[in-house]
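K.L.:
Would you mind keeping the following structure in view while I ask a few things?
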Amino acid sequence: MQVQIFIKMTIGITELNEDINESINQSSVASNDAFNEQLHYKFYQGEITLKSRNLEILGSVNQSLKDDDFHLVFQPKVDVKTQQCVGAECLIRWDHPRFGKLSPIDFIPLVENTNLINTMTEWIVKKVLTKLEQYHDVYDAKKYPIAINLSTANLSPDHQLYKSIIHMLQQFDLGEHVIQFEITESLLMKNPMDSIAVIKSLQENHISFSIDDFGTGFSSFEYLSQFGVTEIKIDRVFIHKMLSSDSDLSLVKAMINLANLLQIKTVAEGVESREEAEMLRELSCDYAQGYYFAKPMPFDDLLVFIQNEQIKH
Ligand code: C2E
Ligand code: CA
Ligand code: CA
């Protein structure tokens with residue numbers, strides 16, 4: 001069998017500094033810029049490049065929301081025992097008109113520092129509800145709820161986002177628990193008193209909350225139960241290391257056992273191998289997500305993923 005491999009090369013150019021590592025960093029920034037701008041080479045344009053690039057990214061969010069340059073992909077969450085799908089997480093992608101495909105890691109931290117994050121989250125919730133309405137004949141959203149990631153500013157009581165979400169839920173009227181929110185531990189720790197009122201009113205409107213990247217922050221289980229959290233997602237750094245490090249395995253075990261005691265569901269993030277999946281089954285972890293089961297995919301592919309699974313079982 002012959003396999004054709006296409007190699008794309010870009011060159012980043014900079015002046016040689018006294019600090020050779022700095023020169024290497026600068027040339028790699030320039031080469032990355034060249035790749036994103038589809039050029040063969042580019043000269044390093046100094047710190048201002050990164051700042052102005054970030055400003056340009058922020059400046060184009062609104063237009064890109066209007067032009068549908070953003071789109072959503074969905075990563076299935078599966079039951080560890082039966083391997084059947086139990087829902088999916090919605091992840092945003094951006095086909096930027098100038099910078100090409102941007103990962104959320106490139107723009108969410110920027111957008112999160114501005115009020116634009118509320119506009120973006122509102123756009124995401126509306127897109128998801130619209131999809132669920134459009135596909136309600138073939139997609140049972142109560143059986144496969146969609147989880148949406150929230151940022152800190154999204155839970156601010158000063159902003160009207162949560163009211164707008166509740167309004168959209170009432171308008172779409174798709175039933176209870178069709179969407180879920182994922183929030184990180186650090187988000188909960190930042191403004192606990194402010195967030196709690198907003199979380200409660202969303203919970204009253206039948207949205208459940210899951211704690212993302214669990215284990216990387218400092219929250220206690222007691223604290224979580226005060227927030228009425230129904231699920232924790234164990235961060236993938238622990239899942240990656242649990243087969244090679246006894247202390248990480250003990251940590252994963254302890255998180256699962258404590259969560260089980262408190263009737264909080266556990267999700268293992270970033271599962272990449274059969275061995276990891278088997279270990280999680282032994283540890284009585286409820287659900288898992290990761291490339292071993294499925295990568296994030298367009299909504300249509302998620303429908304096929306679920307249909308194929310129904311044929312298998
Ligand atoms: P997250 O919420 O922890 O999402 C999981 C990330 O891990 C996703 O990256 C997913 O593609 C990736 N992933 C899933 N399975 C595996 C695996 O087996 N191995 C590895 N190495 N990675 C895996 P993605 O889509 O690049 O998102 C990165 C982060 O950006 C997310 O982390 C989340 O914090 C943020 N994000 C993504 N979409 C949104 C959004 O719509 N709103 C907000 N506020 N944040 C978002
Ligand atoms: Ca998440
Ligand atoms: Ca996560």
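The values are calculated or read from the model by the stated rules, or taken from the named source; none is laboratory data. Every value quoted in this text rests on a predicted model; they were computed, and no experiment measured them. Neighbour counts are summed over all protein chains in view; Cβ atoms, including those assigned to glycine, are modelled from backbone coordinates with ideal geometry.
K.L.:
Any residue at all in segment 197-205 that is surrounded by 21 or more Cβ atoms within 10 Å (Cβ to Cβ) and touching a residue at least 60 places away in the same chain (Cβ under 8 Å)?
P.N.:
no
K.L.:
Give segment 138-153 a look and list any residue that's away from ligand 3 (no atom under 16 Å from the Cβ) and either within 19 Å of LEU91 (Cα to Cα) or free of Cβ contacts under 8 Å to residues at least 60 places away in the same chain (or both), or say none. Explain how you work it out, then say what you get.
P.N.:
Kept after step one, since they are away from ligand 3 (no atom under 16 Å from the Cβ), are these residues of segment 138-153: 138-145, 153.
Those that are away from ligand 3 (no atom under 16 Å from the Cβ) and either within 19 Å of LEU91 (Cα to Cα) or free of Cβ contacts under 8 Å to residues at least 60 places away in the same chain (or both): TYR139, ASP140, ALA141, LYS142, LYS143, TYR144, PRO145, ALA153.
K.L.:
Would you confirm, using the coordinates I've provided, whether LYS265 is modelled with pLDDT of 95 or more, within 15 Å of ligand 2 (Cβ to nearest atom) and under 24 Å from the mean Cα position of the chain (by Cα)? Steps first, please.
P.N.:
Working: modelled with pLDDT of 95 or more: yes; within 15 Å of ligand 2 (Cβ to nearest atom): yes; under 24 Å from the mean Cα position of the chain (by Cα): yes.
Here the answer is yes, as LYS265 does meet what is asked.
K.L.:
Kindly establish whether GLU182 is within 15 Å of ligand 3 (Cβ to nearest atom), outside any helix (DSSP H, G or I) and surrounded by fewer than 20 Cβ atoms within 10 Å (Cβ to Cβ). Talk me through it step by step, then tell me what you get.
P.N.:
Details: within 15 Å of ligand 3 (Cβ to nearest atom): yes; outside any helix (DSSP H, G or I): yes; surrounded by fewer than 20 Cβ atoms within 10 Å (Cβ to Cβ): yes.
So GLU182 fits the description; yes.
K.L.:
Against the definition (exposed (fewer than 15 other Cβ atoms within 10 Å of the Cβ) and either of a type in the set (S, T, N, Q) or without any contact (Cβ under 8 Å) to a residue 60 or more places away in the chain (or both)), how does LYS163 come out, yes or no?
P.N.:
Values: exposed (fewer than 15 other Cβ atoms within 10 Å of the Cβ): yes; either of a type in the set (S, T, N, Q) or without any contact (Cβ under 8 Å) to a residue 60 or more places away in the chain (or both): yes.
The answer is yes for LYS163.
K.L.:
Suppose we keep only residues that are among the charged types (D, E, K, R) and crowded, with 17+ Cβ neighbours inside 10 Å within segment 68-89. Which one would you say is farthest from PHE305 (Cα to Cα)? Spell out how you get there, then give the answer.
P.N.:
Initial filter on segment 68-89 (among the charged types (D, E, K, R)): 68-69, 77, 79, 81, 89.
Narrowing further to those that are crowded, with 17+ Cβ neighbours inside 10 Å: 77, 89.
Working: LYS77: 11, GLU89: 14 Å.
For segment 68-89, the residue satisfying everything is GLU89.
K.L.:
If I ask for residues that are part of a loop (DSSP other than H, G, I, E, B) and of a type in the set (Gly, Ala, Ser), which ones from segment 223-238 would you list? Write out each step before concluding.
P.N.:
Initial filter on segment 223-238 (part of a loop (DSSP other than H, G, I, E, B)): 227-230, 235.
Within segment 223-238, GLY228 is the sole residue that qualifies.
K.L.:
A further question follows. Within the bounds of segment 200-217, is there any residue that is modelled with pLDDT under 85, closer than 24 Å to LEU262 by Cα and more than 16 Å from ligand 2 (Cβ to nearest atom)?
P.N.:
No, segment 200-217 contains no residue that is modelled with pLDDT under 85, closer than 24 Å to LEU262 by Cα and more than 16 Å from ligand 2 (Cβ to nearest atom).
K.L.:
Test of understanding: among ILE105, ILE92, which residue is surrounded by fewer than 16 Cβ atoms within 10 Å (Cβ to Cβ), under 17 Å from the mean Cα position of the chain (by Cα), within 30 Å of PHE35 (Cα to Cα) and not hydroxyl-bearing (Ser, Thr, Tyr)? Can you show your working first?
P.N.:
Numbers: ILE92 fails: surrounded by fewer than 16 Cβ atoms within 10 Å (Cβ to Cβ).
Among ILE105, ILE92, only ILE105 is surrounded by fewer than 16 Cβ atoms within 10 Å (Cβ to Cβ), under 17 Å from the mean Cα position of the chain (by Cα), within 30 Å of PHE35 (Cα to Cα) and not hydroxyl-bearing (Ser, Thr, Tyr).
K.L.:
Hey, among GLU272, GLU276, which residue is among the charged types (D, E, K, R), more than 24 Å from ILE165 (Cβ to Cβ) and assigned to a loop (DSSP other than H, G, I, E, B)? Break it down into steps so the answer makes sense when it comes.
P.N.:
Details: GLU276 fails: assigned to a loop (DSSP other than H, G, I, E, B).
Of GLU272, GLU276, the one residue that is among the charged types (D, E, K, R), more than 24 Å from ILE165 (Cβ to Cβ) and assigned to a loop (DSSP other than H, G, I, E, B) is GLU272.
K.L.:
Could you list, in sequence order, all residues of segment 220-235 that are of a type outside the set (A, V, I, L, M, F, W, C) and farther than 15 Å from HIS206 by Cα?
P.N.:
Start the filter on segment 220-235 by keeping residues that are of a type outside the set (A, V, I, L, M, F, W, C), which leaves 220, 222-223, 225-226, 228, 230-231, 233, 235.
Matches in segment 220-235: SER220, GLU222, TYR223, SER225, GLN226, LYS233, ASP235.
K.L.:
Only helices (runs of 4 or more DSSP H) wholly contained in segment 1-96 count here; list those with 3 or more residues that are small (Gly, Ala, Ser).
P.N.:
On the way: elements: 20-36, 47-59, 61-67.
Correct list: 20-36.
K.L.:
Follow-up. Could you please give the count of residues in segment 239-251 that are away from ligand 2 (no atom under 16 Å from the Cβ) and either part of a loop (DSSP other than H, G, I, E, B) or crowded, with 22+ Cβ neighbours inside 10 Å (or both)?
P.N.:
The first filter runs over segment 239-251 and keeps only residues away from ligand 2 (no atom under 16 Å from the Cβ), leaving 240-251.
From what's left, either part of a loop (DSSP other than H, G, I, E, B) or crowded, with 22+ Cβ neighbours inside 10 Å (or both): 242-245.
Adding up the residues that qualify gives 4.
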